[in-house]
Amino acid sequence: MIPVSGRAASIEYAIRDVVVPATELENEGHEIIKLNIGDPIAYPGLPTPSHMSEAFSKAVLEGKSGYSPSYGLPELRNAIADDEKSKGWDCASENVYVCHGVTEALQIIFAATLDEGTKVLAPGPHYPPYMAYPQMYGAETIEYTLKSNDGWSIDLEDIESKMDDSVRLLVLINPNNPTGNVAGADEIDKLIKIAAKWPNCMIIADEIYDALDFSGKQVSVASRSNNVPVFTLNGVSKVYYAPGWRIGYIAVHDPTGVLIDVRDGIERLLRSRLCASTPAQMGYLAGLNSSRKWMQDHLLKVQNRRKLCLERIAEIDGLEVEAPGGAFYMFVRLTDDMWSNNDKNFVLQLLHEEHVLVVHGSGFSPIKGVGHIRIVYLADLDTLNRAFDRIDSFLSRHRLAKQS
């Protein structure tokens, strides 16, 4: 048997790993209620806007399917820069690099900034690639705490205690996946102040859910920094409801001019992998350059589904949740003793017994996520009600079995 590389064998991606047993059940003829993956297109009533899809299709039909420049189409880079300027900082088109989604953007940043012995400081819990990818470059991810009993707010003292000369990247996911917490200007300013004490530290601001903000607090990290470099990450997947297009970007804010070598590295890496999808870039461009009134209708649907989930969770013995301020996730606490330290077993048994698929919290952090499940609340109201009925039945049945 030819051995697999250690780096590949150690990769885990909880959101998709739980799909494997769900697919087996589907192959046996069972219908699964899927609340596991943050793909808005998988749920009814949240389509990609037609003007964006038409622009994508038009590009294909007109033969615009060749390679584009490695850093992105110039007109798209201009539009992204203008959009970032509207968020409060001086972004020029040359600051923008278009990637195959935010996930590739992360890989590019990690490859350009991390070496053996360096560290990434990321929130716990967090989106799994922040833990998985740095190790490919000999780096280590250290989790800082989000306060589970305080709206998942940032524990700034914990960040301060974990900073040192080896920390290259301080990560802020805002709004957060999986918890939905939103950091406001005050928290961000304090985080920047901590990073400024360490001259080799840069901030990753993952703002892919920035327009899905119900708190009114979300602000651009780059707009708050006048001394710390910031890599802003965003794209077409969540706010523009086109995740399968795989178009994201890095917008580099370098207020003191310290990223000359890092940017050279980023550009070398981007050139080596050719380019992002040309037709998909044209579709995103149409979204940026057109009216965004349609977003209000989508946002209202998301808010109504969020409201229902909060109401149902409050009624179910065995579940608690801190109301999310943004994105479309709920990180739900399992309060029954039999599940509070065994969330993955809860997920697998719920799947097999009730055919409801969610994600175990420990998949987002083996320490800080344990005892939770992540629910994507984008399904229609009837489907959400059926899912919560089944979860309630599952919890009640196992509670009674334990007592008997």
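One residue stands out in region 139-181 among those that are in contact with an Asp or Glu (Cβ under 8 Å, 6 or more places away or on another chain) and of a type in the set (A, V, I, L, M, F, W, C): the one that is farthest from Ile375 (Cα to Cα), namely Ala139. Evaluation of Leu274 against the conditions (1) under 22 Å from Pro178 (Cα atoms); (2) touching a residue at least 60 places away in the same chain (Cβ under 8 Å) shows that the sole unmet condition is (1).
Among the residues of region 143-157, those identified as surrounded by fewer than 18 Cβ atoms within 10 Å (Cβ to Cβ) and not in a loop (DSSP other than H, G, I, E, B) are Lys147, Leu156, Glu157. With respect to the conditions (1) modelled with pLDDT under 95; (2) within 16 Å of Gly265 (Cα to Cα); (3) assigned to a helix (DSSP H, G or I), Gln135 falls short on a single one, namely (2). Considering only residues that are buried (at least 16 other Cβ atoms within 10 Å of the Cβ) and either within 21 Å of the chain's Cα centre (by Cα) or not small (Gly, Ala, Ser) (or both), which ones fall in region 285-298? Answer for region 285-298, where residues must be buried (at least 16 other Cβ atoms within 10 Å of the Cβ) and either within 21 Å of the chain's Cα centre (by Cα) or not small (Gly, Ala, Ser) (or both): Leu285, Gly287, Leu288, Trp294, Met295, His298. The residues on offer are Ala105, Ala22, and the sole one that is assigned by TED's automatic domain parsing to the domain that holds Phe331, part of a helix (DSSP H, G or I) and buried (at least 17 other Cβ atoms within 10 Å of the Cβ) is Ala22.
From the list Phe394, Phe331, Phe388, pick out the single residue that is in contact (Cβ under 8 Å) with a residue 40 or more places away in the chain, in a strand (DSSP E or B) and aromatic (Phe, Trp, Tyr).
Criteria check complete, one pass: Phe331.
All conditions in (1) touching a residue at least 40 places away in the same chain (Cβ under 8 Å); (2) closer than 21 Å to Tyr144 by Cα hold for Gly318, with the sole exception of (2).
Residues being in contact with a Cys (Cβ under 9 Å, 6 or more places away or on another chain), not polar (S, T, N, Q) and not in a helix (DSSP H, G or I) are entirely absent from region 335-350.
Number of residues in region 342-395 that are farther than 17 Å from Asn176 by Cα and among the hydroxyl-bearing types (Ser, Thr, Tyr): the value is 2.
Flag not set for Ile373, criterion: over 27 Å from Val239 (Cα atoms), touching an Asp or Glu at 6+ places or on another chain (Cβ under 8 Å) and either in a helix (DSSP H, G or I) or not small (Gly, Ala, Ser) (or both).
The values are calculated or read from the model by the stated rules, or taken from the named source; none is laboratory data. Remember, it's a predicted structure, so these values are computed and weren't measured experimentally. For neighbour counting, all protein chains shown are included, and Cβ atoms are generated from backbone atoms with ideal geometry for every residue, glycine included.
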